[in-house]
């Protein structure tokens, strides 16, 4: 329910798949003045059930939101109208358009080598790298500057708007067609296109238009590059606010992420195992890893011991020069092998076997399956077999792929001299999938779990 004086008007936004069965909006005299009253009723509502691989389930929860449309105290004031009018107001605002007019700041800070670059994207990348590497984001979001771009240039620290609006200015100064792209980050929810309102948005990035289309940049992330945005930015679409027009821009993460999990181990005569382990992520997943590491580095490192129940030592986590994030460590364990007489029984996947199927939902899937990025995950385990032992029977290899080649899994075991190599590859070609794909994921993840829990016997000759 909502009661509002008649001179204050709201837009009503409905979220979720359910609509109210009863709806009543009427004018009433209340508290000595005219009021507009809103009443809504639902029947037989069930509790919301969360699903895995959904980044912000608030986008699907049933709710009714009231968004201020206008007030009429002496004069009519509109607060939500059209994206075109919102664009005009942004360019009139001194903390947005006013800052973009300060072209002298871009001219004075332009690196010398930029003018000799002729290729559009190379020029844009050079400017982006200069801004990204020179200025540090203070973690404040928002589409308006706080202390201003001039202050940011002095201190080398700024909020999202200061850094990325300065990037737009620099790109424009270099002769590129560049504009701000106003977005809502994943945690902030989706922009409501039907009722344009700037309060739906909370971040601004940069977009350039070249002969091969639009390219996106976010200089708040040190790991970012052209069209390689932080995970928080990928939220379906943004609003491009050029000087002469405004348009909705679809945002699809077209760059794949790779995860490489590599264990190189030696089986000792006493049944213990020791070796090295590397966990490396690229692209969007490298940014996810870096964010988690920055939030709490100790907790990030502890996850290895907690997830695998293995004694890891000398854990070293860092961003590599190309933006990848890698953790390397040593490990040892007495619990990975069952020793029975002259036999050693072991899962050659060691601690990297898939123990469960994350696609374990028994009810019908309701929502989009969202991975943020297409990805390839490679697990490679190399086991050195102790002298005097032979493999009684090799694990069975397997490959499974969907008819449209979108999802693929393979398990390959090979013996090379006194070493056993096991490699599994999981490929998912799109960042998200409609709910109808759920059974395919469930089947393939089930096959992976079965394959990765095979064991072998090492027999003493």
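None of the figures in this text is laboratory data; all of them are computed from the coordinates on show. Since this is a predicted model, take the numbers as computed values, not measurements. Cβ atoms come from the backbone with ideal geometry, glycine included; neighbour counts cover every protein chain shown.
Data for the structure
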read-out: Burial ranking of peptide ranges 215-225, 53-63 (average Cβ count within 10 Å, highest at the top); value: 215-225, 53-63
read-out: Euclidean distance between Cα centres, segment 400-461 to segment 68-110, Å; value: 53
read-out: Segment 254-307: C-alpha gyration tensor shape, a/c 1.5 cut-off, then a/b vs b/c; value: oblate
read-out: Residues 426, 328, 199, 282 arranged by fewest to most Cβ contacts within 10 Å; value: 199, 328, 426, 282
read-out: Nearest-ten-degree value, helix 438-451 long axis tilted from longest Cα axis of the chain; value: 30
read-out: Rel. contact order, % - alpha carbon contacts under 8 angstrom, at least six apart, segment 2-78; value: 44
read-out: Mean separation of Cα contacts under 8 Å (6+ apart) over length of segment 83-250, as relative contact order %; value: 23
read-out: Shape call, segment 345-461: gyration tensor on alpha carbons, a/c limit 1.5; value: prolate
read-out: Fewest-first sequence of 1, 251 by Cβ atoms within 10 Å of each Cβ; value: 1, 251
read-out: Extension gain, residue 209 back to residue 247 (0.36 nm per residue minus Cα-Cα distance, nm); value: 12.4 nm
read-out: Helix 120-134 vs. the chain, principal-axis angle (Cα, 0 to 90°, nearest 10); value: 90
read-out: Cα long-axis angle, helix 160-173 against the chain (0 to 90 degrees, to the nearest 10); value: 80
read-out: Least to most buried among 297, 70 (fewest other Cβ within 10 Å first); value: 297, 70
read-out: Computed over segment 257-460: relative contact order in percent, which uses C-alpha pairs under 8 Å that are six or more apart; value: 25
read-out: Mean ellipticity per residue at 222 nm, deg cm²/dmol - from DSSP H runs of n ≥ 4 across the chain, formula -39500 (n - 2.57); value: -6000 deg cm²/dmol
read-out: Distance histogram in 5 Å bins (all Cα pairs of segment 2-78, percent per bin); value: 3, 12, 18, 18, 16, 12, 10, 6, 3, 1, 0
read-out: Overall form of segment 83-250 per C-alpha gyration tensor (a/c, 1.5; a/b vs b/c); value: rounded
